Amino acid sequence: MGSIYGGISMKVNKWIVICLLMVFFTGCATWKPIKEKNALWEFGDFRARLPVGWARTKTSGEILLLTRGGVYIEHISVSRTKTNKELPHSQKKITEDMLLREISQVVIDEISLNQNFKNFKLLENKPVDLGGVGAFRMVCVFHNEDFAKYKSVIYGFLYKKKYYEIHYQALEQHHFEKKLEAFDQFMDSFFFKLEDPESVGKK
Amino acid sequence: MIKSFLKWTVLSVLAVSLISCASTNIKNIDEQEGFVFYQDEANLWKQVDEFHAVMERSGFVYQDKELEEYVNSIADKMFGEILKKYNFDLRVYLIKDPIFNAGAYPNGVIYVNTSILATLENEAQLATILAHEGTHVIHRHALKTQNFLINKTAFYKFFDITMAGATGAVRGGVVGNSLSIARLIGGLGIAGAIYGYSRVLEEEADEYAYKFIVDAGYDPRESKKAYQNISTALEEEKIKAPYFYSTHPKIKQRVRNFEQYLKSYEKENKEAFQKVINEEVYMGKVKDLILENAELELKRNKLNSAIAQLKRYNRYFKNSPESYDLLGRIYVAKMEFKKHNKNKDKGGKTDDSLDHKQAAMDAFGQANQINPDYPHAYKHLGLLYYKKGERQKASGLFKKYMDLNPQAEDGEYIRGYIHESE
């Protein structure tokens, strides 16, 4: 008795389980430990050596996310956004005709208006050459919601109609300096497979 | 059987109402014999105290002790007697925020955003905002809102529990649910401070604010103008924010209310108003704040509002290269905005017929004329030429900037532009 209902219920249950599994696998980041020395990360025209002992993943917002002790302790991320898109806090856009100095200013405005970044302070903002592409390098400190103090290094640049950001962020006390070397090595190894280096922004 | 069921239902309803109903008979602070907490009021205060502690550490509180004292002295003129009599404290804090808002919290903390102060023209106008917000505190509007919501929820909760019983369902975590509901409602009570209270409570705040202003000797004609100024800025900027002072219909309603109070007051009081406006004192006190707020508005792309504030600033304080330089940068931002948003205009009324590039150049030129040793206007003018492709002109201006400001924070960028221009 009740086999019809039972049958439907079994089918429904199976689909619920499948859906839940799909949500679980697509929604959660899967972390892969980096065991090999000189492991290479490749994405489009970018190449970089990944730091040993860290773990890597990819999220919807970041094309690469690395951490050693957990993202709240420290992380390195590479993200990209389309240009000409209104940013949420400053309501400004990063456009292709902007000078690097102007882009860095938009990034500063965006962070300083975001109330999640408390006591934001810019320590440094300068132009740098990133493997043949003009970028800005910014160093700042801020407190998060729980008033933990973080220090960040941000590299930003325009590349093929997109704005890229490479970000190292760590708890200022104990962690920032300790892991900075790994980030510097990552950045030293960062290069572009450029067809025509002159064609991309060096402003 | 039916009788017995009805009897138990009535008893349950009574029990639930007695347990869950929060008092609606809440006296205003100035109607009590000395300040006494109502049930749950202390909890509400605790939440706000925690929030305020976060605000104080966040770096978002505007630091200018003299201005803060001045603003608090205005509140004191209106509420001082009540506060002393009922042993209650009211403290106004200024928040660095380019969005229009002000809010009053049950523990007597009032936040006013810098954008409001930069938009108002005189002390009487600021008194209007403080009187409105102070009334929310004195009349315990957060607590009243919270209790109203608790009672509403208690009604639904009764059905919730009864229905659970009727279906024989076993429902765990009722305590957990109540706690989270209470917390949510507490939050909603406080949310009124940010997003506005009910229409009735807001009108009550207007009505009493008017009395406080008149009693303190301020010119009540300025009250309407205070809200009109905010309303004009909202219109020009086309701001869409959920906060009370950023919601155009709500601000328009304040204008109408104060217009009405003024009419009936004029009918009843034939003799002239006391006319305390204190425009010059006010402008002197908010001088630095206007510049800092305009900088914030530039960051937030609130360009028309920033232009209006700076133009008023320039009428008062004629010799400020910083102000003209900032005005120039805002015109540059307008120019860029127009270039990248062809179909969407950021506020239409004020300057859109203007050639923003020329307006920017004029403003930078004015800054240099006022003070030829002020470095930043040279750099900003240089950047305009640099982007136009007039590299030689740009290079000369950049060099002047670096000569006057050799330790410039953005020196590496500027040196790079000089190098590229040569």
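Quick check: anything in the range B:276-289 within 17 Å of B:Ile95 (Cβ to Cβ), buried (at least 22 other Cβ atoms within 10 Å of the Cβ) and within 14 Å of another protein chain (Cβ to nearest Cβ)?
No, every residue in the range B:276-289 fails to be within 17 Å of B:Ile95 (Cβ to Cβ), buried (at least 22 other Cβ atoms within 10 Å of the Cβ) and within 14 Å of another protein chain (Cβ to nearest Cβ).
Hand me the list of strands (runs of 3 or more DSSP E) wholly inside the range B:57-127 holding 3 or more residues that are at pLDDT 95 or above. If you could, list the steps in order and put the result at the bottom.
Details: elements: B:91-95, B:102-104, B:109-113.
Here the list reads B:91-95, B:109-113.
For (1) within 14 Å of chain A (Cβ to nearest Cβ); (2) in contact (Cβ under 8 Å) with a residue 60 or more places away in the chain, each residue gets a yes or a no:
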{"residue": "B:Asp76", "(1), (2)": "no, no"}
{"residue": "B:Phe79", "(1), (2)": "no, yes"}
{"residue": "B:Leu83", "(1), (2)": "no, no"}
{"residue": "B:Asn87", "(1), (2)": "no, no"}
{"residue": "B:Tyr93", "(1), (2)": "no, no"}
{"residue": "B:Asp97", "(1), (2)": "yes, yes"}
{"residue": "B:Ala104", "(1), (2)": "no, yes"}
{"residue": "B:Gly108", "(1), (2)": "no, no"}
{"residue": "B:Val112", "(1), (2)": "no, no"}
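Just wondering, is there one or more residues in the range A:140-152 that are buried (at least 19 other Cβ atoms within 10 Å of the Cβ), in the same structural domain as A:Ser77 (by TED's automatic domain parsing) and more than 23 Å from B:Val61 (Cα to Cα)?
Looking for residues that are buried (at least 19 other Cβ atoms within 10 Å of the Cβ), in the same structural domain as A:Ser77 (by TED's automatic domain parsing) and more than 23 Å from B:Val61 (Cα to Cα), one finds at least one in the range A:140-152, hence yes.
Taking helices (runs of 4 or more DSSP H) that fall entirely within the range B:361-422, which contain at least 2 residues that are more than 19 Å from B:Ala333 (Cα to Cα) and in contact with a helix residue (DSSP H, G or I) (Cβ under 7 Å, 6 or more places away or on another chain)? Write out each step before concluding.
Working: elements: B:375-388, B:391-404, B:411-421.
Helices (runs of 4 or more DSSP H) meeting the threshold: B:391-404, B:411-421.
Say we look at the range A:124-139 and pick out the residues that are aliphatic (A, V, I, L, M) and more than 10 Å from chain B (Cβ to nearest Cβ); which of these is surrounded by the fewest Cβ atoms within 10 Å (Cβ to Cβ)?
Kept after step one, since they are aliphatic (A, V, I, L, M), are these residues of the range A:124-139: A:128, A:130, A:133, A:135, A:138-139.
Within this subset, residues satisfying the condition of being more than 10 Å from chain B (Cβ to nearest Cβ) are A:130, A:133, A:135, A:138-139.
On the way: A:Leu130: 20, A:Val133: 20, A:Ala135: 27, A:Met138: 21, A:Val139: 15.
Step by step, filter the range A:124-139, then rank; the result is A:Val139.
Would you check which residues across the range A:93-113 are assigned to a loop (DSSP other than H, G, I, E, B) and surrounded by 15 or more Cβ atoms within 10 Å (Cβ to Cβ) and list them?
Within the range A:93-113, the subset assigned to a loop (DSSP other than H, G, I, E, B) is A:94-99.
Across the range A:93-113, the qualifying residues are A:Ile94, A:Thr95, A:Met98, A:Leu99.
Do we find a residue being under 20 Å from B:Pro372 (Cα atoms) and touching a helix residue (DSSP H, G or I) at 6+ places or on another chain (Cβ under 9 Å) anywhere in the range B:293-314? Walk me through how you get there before you give the answer.
Taking the range B:293-314 first, the residues under 20 Å from B:Pro372 (Cα atoms) are B:314.
Filter again for touching a helix residue (DSSP H, G or I) at 6+ places or on another chain (Cβ under 9 Å), leaving B:314.
Yes, the range B:293-314 contains at least one residue that is under 20 Å from B:Pro372 (Cα atoms) and touching a helix residue (DSSP H, G or I) at 6+ places or on another chain (Cβ under 9 Å).
Considering only the range B:280-325, state which residues are more than 28 Å from B:Phe337 (Cα to Cα), modelled with pLDDT of 95 or more and among the hydroxyl-bearing types (Ser, Thr, Tyr).
Selection gives B:Tyr282 alone.
Applying the selection to the range A:174-191, what residues are modelled with pLDDT of 95 or more and either of a type in the set (S, T, N, Q) or farther than 24 Å from A:Gly132 by Cα (or both)?
Those that are modelled with pLDDT of 95 or more and either of a type in the set (S, T, N, Q) or farther than 24 Å from A:Gly132 by Cα (or both): A:His175, A:Phe176, A:Glu177, A:Lys178, A:Lys179, A:Gln185.
I'd like the full set of residues that are within 14 Å of chain A (Cβ to nearest Cβ) and either at pLDDT 95 or above or part of a helix (DSSP H, G or I) (or both), limited to the range B:338-359. Spell out the reasoning first.
Filtering the range B:338-359 for residues within 14 Å of chain A (Cβ to nearest Cβ) gives B:338-347.
Answer for the range B:338-359, where residues must be within 14 Å of chain A (Cβ to nearest Cβ) and either at pLDDT 95 or above or part of a helix (DSSP H, G or I) (or both): B:Lys338, B:Lys339, B:His340.
For residues in the range A:97-112 being more than 7 Å from chain B (Cβ to nearest Cβ) and free of Cβ contacts under 8 Å to residues at least 12 places away in the same chain, which is farthest from B:Lys338 (Cα to Cα)?
Checked the range A:97-112; the qualifying residue farthest from B:Lys338 (Cα to Cα) is A:Gln105.
Search the range B:55-68 for residues being free of Cβ contacts under 8 Å to residues at least 40 places away in the same chain and more than 18 Å from the chain's Cα centre (by Cα), and hand back the single one that is nearest to the other protein chains (Cβ to nearest Cβ). Break it down stepwise before answering.
Residues of the range B:55-68 that are free of Cβ contacts under 8 Å to residues at least 40 places away in the same chain, as a first pass: B:56-61, B:63, B:65, B:68.
If we keep only those that are more than 18 Å from the chain's Cα centre (by Cα) as well, we get B:57, B:65.
Working: B:Arg57: 6, B:Lys65: 19 Å.
Only one residue tops the list, namely B:Arg57.
Taking the conditions exactly as written (within 14 Å of another protein chain (Cβ to nearest Cβ), touching a helix residue (DSSP H, G or I) at 6+ places or on another chain (Cβ under 8 Å) and free of Cβ contacts under 8 Å to residues at least 12 places away in the same chain), does A:Gln115 satisfy them or not? Write out each step before concluding.
Numbers: within 14 Å of another protein chain (Cβ to nearest Cβ): yes; touching a helix residue (DSSP H, G or I) at 6+ places or on another chain (Cβ under 8 Å): yes; free of Cβ contacts under 8 Å to residues at least 12 places away in the same chain: yes.
It is true that A:Gln115 is within 14 Å of another protein chain (Cβ to nearest Cβ), touching a helix residue (DSSP H, G or I) at 6+ places or on another chain (Cβ under 8 Å) and free of Cβ contacts under 8 Å to residues at least 12 places away in the same chain.
Per-residue answers, yes or no, for (1) modelled with pLDDT of 80 or more; (2) aromatic (Phe, Trp, Tyr); (3) under 14 Å from B:Ala142 (Cβ atoms):
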{"residue": "B:Val10", "(1), (2), (3)": "no, no, no"}
{"residue": "B:Ala15", "(1), (2), (3)": "no, no, no"}
{"residue": "B:Leu18", "(1), (2), (3)": "no, no, no"}
{"residue": "B:Asn28", "(1), (2), (3)": "yes, no, yes"}
{"residue": "B:Glu41", "(1), (2), (3)": "yes, no, yes"}
{"residue": "B:Phe51", "(1), (2), (3)": "yes, yes, yes"}
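Scanning the range B:388-399 for residues that are surrounded by 19 or more Cβ atoms within 10 Å (Cβ to Cβ) and either in contact (Cβ under 8 Å) with a residue 24 or more places away in the chain or within 14 Å of chain A (Cβ to nearest Cβ) (or both), which turns out farthest from B:Tyr324 (Cα to Cα)?
B:Ser395
Which of the residues that make up the range A:87-96 are at the interface with another protein chain (Cβ under 8 Å from one of its Cβ atoms) and under 14 Å from A:Lys161 (Cα atoms)?
Kept after step one, since they are at the interface with another protein chain (Cβ under 8 Å from one of its Cβ atoms), are these residues of the range A:87-96: A:89-93, A:95.
A:Lys93, A:Thr95, listed by residue number.
The values are calculated or read from the model by the stated rules, or taken from the named source; none is laboratory data. The structure presented is a predicted model; accordingly, all values stated were derived computationally and were not measured. All Cβ positions, even for glycine, are placed from backbone atoms using ideal geometry, and neighbour counts span all protein chains on display.
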